[in-house]
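Every read-out reported here was derived from the displayed coordinates using simple, explicitly stated rules and does not represent laboratory data. The structure displayed is predicted, hence computed values, not measured ones. Because the Cβ atoms are built from the backbone with ideal geometry, glycine has one as well, and the counts that use them run over all protein chains shown.
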Amino acid sequence: MSTDRAKRTLRNLQTAQRRIILSFKLIRDFVKNYNADQHLSEVPVRLEAVIDLWREFGTVQAELEVLDDSADALDKHLKERAQFETEYYHVKGFLIQHCQTPIETSIHAPPTHGHESTHVKLPDIKLPKFNGDFEEWLNFHDLFISLVHSSTELSSIEKFYYLRSSLVGEALERVQTIKISAINYPVAWNLLVEHYQKPRVLKRKYVQALFEFTVLRRESAADLHSLVEKFETNVRVLNQLGERTEFWDILLVHCLTNRLDPVTRRDWEDYSTTNDAVQFKDLTDFIQRRVNVLQQVSSKSAEPQQYPQSRKPIPPRFGTHGAFQENRDRKCIVPSCPEEHTIYRCRTFAAMPLERKQEVVRDNKLCLNCLRKGHFLRNCSSESRCSKCGARHHTQLCMSNATSSGRFGQRSFPFRQRPPSTATSMIESASSSNASAPAPVDRDSLHSGVSSCTGQCDAPGNLKVVLATAVVIIVDDAGREYLARALLDSGSECCFASNKLFRSMNVKPSRVDLPISGIGKASAQVKLKFQSRIKSRTSDYATCVEFLILPKVTIDLPSIHLDTADWSIPSGLDLADPAFYKSSPIDLVLGAELFFDLFPVAEHIPLGDYLPMLVNSVFGWIVSGKTICSRPNYPALCNLATVNDVHKQMERFWVIEEDKYTSKYSPDETRCEQHFQRT
């Protein structure tokens, strides 16, 4: 874990600890000021709350003791734990003593007055319902044994009644024909035990469940917590059934990792890279820490923003007069200017080079159009435009003001509005009329006659294009599923897979000898292909595809990391590539044979000026389109692959062969040959 991430996690845990202690102090004050006439009805609720706080405190405190493990800090944490524990036992004991409502799921104890216990009508007992599902049997069996079967206060006929009332469905049908009587209770109970208490069947059910948990589609604290809790429950049950699950680390880690969302799984792989002997507990601890952080971040973002008493929030005003009033009598935000005026009236700002102006605007989060705070370009209500080029930005930020050194187009406005999301490929490219010639393909990469036919150049200008990528599921011949990052490319006649992905899968390849052409007439030979099935993570879409194998299908996409902090992607959407902003390898290229089938619904969501758009596909919402690049030089990419015409290949072969075997005669030999032919 990096130092910055560790510090953030530590701060979040300390905040959670303070919140827990504050809630506990409120319950402690309730105990000190307890009045039976006024507070009796609150006792059961307070008791449940204090138990929950104790559990939450234990989790948070344990994390704190691991992260903040210096000698002084550890001594402080242990004292805090001891103090909290002492007060907890005091408060809980008091609440239990004054609680008249028994704990739910426990059976009410009948009075112990002689023979009355066999005749008194007991209150309703809340028992678990059992429908015949093997996976629920152990839970039902243990609870029923402790609440009813082992009770010495209940008669056999009462036990039979509670047994019948707890059964539904298939389980009830098994004992429904048995007459309710004291002598028949053991018969009915043993019948259920003989049928459902089968360790071999139970083990198979719980092992099968480990492979059938739903794959998470997006990062969520609640979903991650639910997944790991259910998974650990299954493992504990298998351990109770006699399986040595402590030796199953590699299997359990594999099963649980395959059920994580793409972002969490990628971070786990990065986290566990340095450890060759990863244990199941390492993974569950990693997920639990991630859940804690996500919960803290979520709760913090949901809190209303607090303002100091002396400075109330001022609603944004977009009119010229309103903005002038808002900035009046304030010091200029330009660092080197001591005067009091707005930035667009600042002569120091006007004299700055364009790149320095952009840095000032970015650092102070100003609107590109009106140079005011409180909103960004897409929300600006000002009708003003650049007086030089007519575009929607302030005249002082117009790139036509820059020198003609050729650098004015290399840096753009690096502030856009939208929250970080996840992985589409971004390709920075200028318009086709401005793009420089593609760099020649490196012939050294064509080992074994195979290569990716791409062209790359340093694109001029400040525009770039985010290419469409998606994380898909690919299935091998053994039925195993793999997550693969795919580029959706309508400029490719074929579909391609990287050699790395092919080697990780259990698929049978076929030999081919297929020439492939790319941008700039670059060519390569494909020697192997395989057929596999791909599926969507977000829908029922699935299809079989034939992939040609290349050592590397293209460069990592996006070629640079995208800053999406100000992008406004609607929450709740299933992104096809949840980490599109991270530069990551591409495993697959899905070509034109599939491309247009991937967009059955013409549905898209624009994200704003100079921003890509969201396009709905069978793989989820794809982020694609042009945007502005903050880097002066970035690589532009063109993916193009076509299968060479076989006729042209054969024609070229025969031309070469004819050249090879054509004889060259001397003048004397030519005259002799002609004379021979005449006679």
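Checking the cross-link pairs Lys205/Lys281; Lys464/Lys582; Lys373/Lys582 against a 27 Å limit on the alpha carbon distance flags Lys373/Lys582 as lying beyond it.
Please give the contour-minus-distance gain from Val193 to Ser151: 0.36 nm per residue of separation, less the Cα-Cα distance, rounded to one decimal in nm. Intermediate results must be reported in sequence, preceding the final value.
On the way: separation 42, 0.36 × 42 = 15.12 nm, distance 1.79 nm.
Gain on extension, Val193 to Ser151, equals 13.3 nm.
Fully extending the segment from Arg356 to Lys76, taken as 0.36 nm per residue of separation minus the present Cα-Cα distance, adds 96.0 nm. Between the alpha-carbon centres of the stretch 490-520 and the stretch 242-281 there is a gap of 31 Å. Phi-derived couplings, Karplus 6.51 cos²θ - 1.76 cosθ + 1.60 at θ = phi - 60°, listed residue by residue for the stretch 169-178: x, 4, 5, 5, 4, 5, 10, 5, 7, 7 Hz, with x used for Gly and Pro.
Counting beta carbons within 10 Å around each of Lys205, Lys582 and listing the fewest first gives the order Lys205, Lys582.
Work out, step by step, the length gained on full extension between Glu673 and Val168: first 0.36 nm times the residue separation, then minus their alpha carbon distance; give nm to one decimal.
Taking Glu673 through Val168 to full extension adds about 171.2 nm, to one decimal.
Shape of the stretch 541-637 from its Cα gyration tensor (a ≥ b ≥ c, root eigenvalues): rounded if a/c is under 1.5, otherwise prolate when a/b > b/c, or oblate?
Working: a/c = 2.09, a/b = 1.16, b/c = 1.80.
Note, shape of the stretch 541-637 comes out oblate.
As a calculated quantity, the FRET efficiency between Gln14 and Asp285 at R0 = 25 Å, using C-beta atoms, amounts to about 0.85. Exposure proxy ranking for Glu194, Glu232, Glu48, based on other Cβ atoms within 10 angstrom of each Cβ and starting from the fewest, stands as Glu194, Glu48, Glu232.
At R0 = 51 Å, how high is the FRET efficiency between Ile473 and Leu40 if r is their beta carbon distance? Nearest 0.05 is fine.
Numbers: r = 57 Å, r/R0 = 1.11.
Efficiency, from the Cβ-Cβ distance: 0.35.
Near the amide H of Asp261, within less than 5 Å, lie the amide hydrogens of Leu216, all on another chain or at least 5 residues away, with H placed in the peptide plane. Summary of the geometry: the stretch 212-241 and the stretch 574-608, compared by the centres of their Cα atoms, lie 29 Å apart. In terms of its C-alpha gyration tensor, the stretch 1-58 has a prolate overall shape, because the principal axis ratio a/c (a ≥ b ≥ c, square roots of the eigenvalues) is not below 1.5 and a/b outweighs b/c.
For the stretch 60-78 versus the stretch 367-391, the inter-centroid distance based on Cα atoms is 51 Å.
Here the calculated FRET efficiency for Ile21 and Glu493, from their Cβ-Cβ distance with R0 = 51 Å, stands at 0.20, rounded to the nearest 0.05.
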